[in-house]
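First up is the structure itself, then whatever we jot down about it.
The values are calculated or read from the model by the stated rules, or taken from the named source; none is laboratory data. Values in this document were obtained by computation on a predicted structure and should not be read as measured data. Counting neighbours? That spans all protein chains shown, and the Cβs are built from the backbone with ideal geometry, glycine included. Protein only, heavy atoms only, side chains kept; ligands, DNA and RNA dropped before computing areas. Shrake-Rupley method; radii C 1.70, N 1.55, O 1.52, S 1.80 Å.
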Amino acid sequence: MKQIALIIAGGSGQRMHQDIPKQFLNVYDKPVIIYTLEAFQRHPCIDGIVVVCVEGWIQILEAYCRQFGITKLESIVPGGENGQDSIRAGVGDIASRHEPVDLVLIHDAIRPLVSEEIISDCIRVARQYGNAVSVVPCTSAMLCTRDGESSDEQISRDNLKVTQTPQCASVETLVKAHREALERGITNTVATCTLFIELGRRLHFSLGSEKNIKLTSVDDLEIFEALLNARKAEWIKE
């Protein structure tokens, strides 16, 4: 059984207010997406990497992968109309070369601090239960609103989890899920975990981390830079 990382880099990142997609923003002379790819490149259990890339950036990404030594890269697939389309395209590309039992770890390109421990636990849980979604506990008070401006109802956080990526299942499971979704008219679900829930599947939790942040705003980018600096400081102390 092999493990293939499917990196979703199809977004344009408008909330960053930048002229280039957020996954291609440079942080300390390296694009964000390369930090992400390096995490899977380093992991001993990852056999290959496929990237779903925003239109117009495929050749640039190929050049970056050569520059930074991403040797596990198998292919780069054009992104779709939405996240579900992009994931389906990537899964289809992987299915054309790999066995049905091989595992696919679907991961956001803009989660560059995914750790080896998170990747390993995602693989472990998926092997044991058939799928895995990285989660962290919900630690905030949760309020329900009807008008977007006020609330008179809370939701207990004890039964809530915050999802992250990677999210993992076998090639066969993902191909069947995306085929069934199209047959049932599910065309714009936001993630693999939500797709599975809409299809009535049971999900199994694997390890996440508060450091496994998703870069969706300028504030997130600043936090990422600070965490990288903290890592550098730890290395210097060692």
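Data overview
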read-out	value
Some residue of the range 2-11 being polar (S, T, N, Q), outside any loop (DSSP other than H, G, I, E, B), at pLDDT 95 or above and in contact with an Asp or Glu (Cβ under 7 Å, 6 or more places away or on another chain)	yes
Selection count where residues are charged (D, E, K, R), farther than 20 Å from residue 167 by Cα and part of a loop (DSSP other than H, G, I, E, B), scope the range 66-88	1
Residues satisfying the stated conditions in the range 22-56, i.e. open to solvent by 10 Å² or more (accessible area, probe 1.4 Å), out of contact with any helix residue (DSSP H, G or I) (no Cβ under 7 Å at 6 or more places or on another chain) and not in a helix (DSSP H, G or I)	26, 29, 30, 44, 47, 54, 55, 56
Single match in 114, 104, 91 (criterion: among the β-branched types (Val, Ile, Thr), assigned to a strand (DSSP E or B) and either open to solvent by less than 30 Å² (accessible area, probe 1.4 Å) or modelled with pLDDT under 95 (or both))	104
The lone exception for residue 154 - which of (1) free of Cβ contacts under 8 Å to residues at least 12 places away in the same chain; (2) open to solvent by 50 Å² or more (accessible area, probe 1.4 Å); (3) out of contact with any Cys (no Cβ under 6 Å at 6 or more places or on another chain) it fails	(1)
Failed item, numbered, when residue 208 is tested on (1) touching a residue at least 60 places away in the same chain (Cβ under 8 Å); (2) of a type in the set (Gly, Ala, Ser); (3) open to solvent by 40 Å² or more (accessible area, probe 1.4 Å)	(3)
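Residue-by-condition table, conditions (1) in contact (Cβ under 8 Å) with a residue 12 or more places away in the chain; (2) closer than 22 Å to residue 212 by Cα:
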site	(1), (2)
9	yes, yes
32	yes, yes
46	yes, yes
51	yes, yes
57	yes, no
66	no, no
74	yes, no
77	yes, no
